[in-house]
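Here the structure comes first, spelled out in structure tokens, and everything after it is commentary.
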Amino acid sequence: MRALIIGVGQCGTKIADLFSLVDFEALAVNTSRGDLDYLKHIPPERRILIGESLTGGKGVNANPLLGREAMRRDLPLVMRKVGSIIGYEDVDIFFLTFGFGGGTGAGGTPVLAEALKEEYPDSLVVAVGALPLKEEGIRPTINAAITIDKLSKIADSIIAIDNNKLKETGDDISRAYERINYTVVERIASLLALVDVPGEQTLDASDLKFVLKAFGSFATIGYSKAEANKVKSLSRLILKSFESEGLYLNANIESALYGLVAIHGPPELLKAKDIFEALDYLTNKIRGKQIFRGFYPDPREREVEVVTLLSGIYESDSIEEIILTAKEYARAFMNAKEEAETKKEELLKGLPDFDDVYPAPEDGDIRLEDVFNAIDKDVPDIKKLRRKS
Ligand SMILES: Nc1nc2c(ncn2[C@@H]2O[C@H](COP(=O)(O)OP(=O)(O)OP(=O)(O)O)[C@@H](O)[C@H]2O)c(=O)[nH]1
Ligand SMILES: [Mg+2]
């Protein structure tokens, strides 16, 4: 199983940087030189500045049109770098990490996703994006809604992380960002780490690809963990990973097409009866009725860890709210614009043109004489010239 992580924009490159810390192959792409310099783990030769001729390396200030143009202009540079990292061995999944609300990530990610799909048709492109906070207001919300629309037509799945779910923890925002970035990486990394690994019943790359090849719909990763000696019911722990507090997106899990559950822990705890009870329940609950499973008994383990992936989700409060709010904002903006135009037209209506007020000039009306007289009298040469002619 080979994954390549490509971060776009500040949020995306910060997340990609953490993937690099835990030894994933990662690439950082941004319009801001300062933000690229700030990364800690991705080596400098894997940091690509795009759109320099457009922005001077200073970011695009939440304008996705500029983000899109920057990516278009420097796409050959980015694709060459991707090609040189990949070499001759296929990549199973490209994970594109970004923030839905900014300019570089929102504008650039769909352009890159499309190019990757075209160049690597056998690889999956999975978008992993952070949804803006409600308080961020009109621009990030509109950027997010339009980018959701675009990516849903290109990407295989969109793993959306709702930043609003973090606010509830009461951390200050940069700490909250750090924490969510860290846990997103932890979850995806633990899921990938369990693919193609020997176990009781194992998951392989094709299972994961099957689950994530879900026609541009949403996916979410759930997680639950407990100390082995405190687990009263493994079945309960598995179900907990699917509940709202385990997921990063408010989603109706019944609308999911596929699920995948990986359980890792001491062998005496991974009892078939408990596991099948929970998995049967989930299989019946989701619409697609397909749950892939992997069990990884490990005698050295003191904790039980459950990582779940739900995909093919079309019903999500988090997403609906963004789309509906964006439509409302856009409608309000367009109405305001129309109103301003009507007001302007009404106010200016009935004004005459110059022709209505002034007599039309006739030939000879404007006499050169007058023009020269108006010129500063301290310029005698010109006057002399005039008199001679
Ligand atoms: N989860 C998470 N969200 C973030 C983080 N940084 C920014 N965001 C969110 O991402 C959006 C802003 O995206 P950025 O990545 O900062 O913007 P950008 O893509 O670099 O684009 P420009 O700055 O406009 O050039 C906002 O909606 C933020 O809420 C982060 O570290 N973690
Ligand atoms: Mg930025």
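The values are calculated or read from the model by the stated rules, or taken from the named source; none is laboratory data. Worth saying up front: this structure is predicted, and the values here are computed from it rather than measured. FYI the Cβ positions are ideal-geometry reconstructions off the backbone, even for glycines, and counts take in every protein chain you see.
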For this session: Scan the stretch 174-184 and give yes if some residue there is surrounded by fewer than 20 Cβ atoms within 10 Å (Cβ to Cβ), within 16 Å of ligand 2 (Cβ to nearest atom) and either under 22 Å from Ile286 (Cα atoms) or of a type outside the set (D, E, K, R) (or both), otherwise no.
Result: yes
For this session: Filter the stretch 26-78 for residues that are surrounded by fewer than 16 Cβ atoms within 10 Å (Cβ to Cβ), among the aliphatic types (A, V, I, L, M) and more than 16 Å from ligand 2 (Cβ to nearest atom) and give the result.
Result: Leu77
Problem set entry | Tally of residues being in a helix (DSSP H, G or I) and more than 16 Å from ligand 2 (Cβ to nearest atom) across the stretch 134-173 | 15
Seminar exercise, completed: Filtering the stretch 93-127 down to residues that are closer than 23 Å to Asp162 by Cα and more than 16 Å from ligand 2 (Cβ to nearest atom) yields Ile93, Phe94, Phe95, Pro110, Val111, Ala113, Leu124, Val125, Val126, Ala127
Problem set entry | Only one of Asp274, Asp317 that is surrounded by fewer than 19 Cβ atoms within 10 Å (Cβ to Cβ) and over 16 Å from Val231 (Cβ atoms) | Asp317
Seminar exercise, completed: Here the residues within the stretch 129-164 that are hydroxyl-bearing (Ser, Thr, Tyr) and surrounded by fewer than 24 Cβ atoms within 10 Å (Cβ to Cβ) are Ser152
For this session: Check whether at least one residue in the stretch 74-94 is more than 30 Å from Ser316 (Cα to Cα), free of Cβ contacts under 8 Å to residues at least 40 places away in the same chain and within 12 Å of ligand 1 (Cβ to nearest atom), and report yes or no.
Result: no
Problem set entry | Residue identified as farther than 23 Å from Arg72 by Cβ and charged (D, E, K, R) among Lys40, Lys58 | Lys40
For this session: Taking Gly83 as the residue in question, decide whether it is modelled with pLDDT of 95 or more, closer than 23 Å to Ala326 by Cβ and out of contact with any His (no Cβ under 6 Å at 6 or more places or on another chain).
Result: no
Seminar exercise, completed: Exactly one of Gly108, Gly101 is closer than 27 Å to Phe210 by Cα, within 16 Å of ligand 1 (Cβ to nearest atom), modelled with pLDDT of 95 or more and not in a strand (DSSP E or B), and that residue is Gly108
Problem set entry | Residue match in the stretch 105-124 (condition: of a type in the set (Phe, Trp, Tyr) and either in contact with a Gly (Cβ under 9 Å, 6 or more places away or on another chain) or buried (at least 24 other Cβ atoms within 10 Å of the Cβ) (or both)) | no
Problem set entry | Residue count, the stretch 191-223 (criterion: of a type outside the set (D, E, K, R) and not in a helix (DSSP H, G or I)) | 18
Exercise. If a residue has to be within 16 Å of Ala28 (Cα to Cα), small (Gly, Ala, Ser) and either more than 9 Å from ligand 1 (Cβ to nearest atom) or touching a helix residue (DSSP H, G or I) at 6+ places or on another chain (Cβ under 6 Å) (or both) to count, how many in the stretch 52-73 make the cut?
Worked result: 3
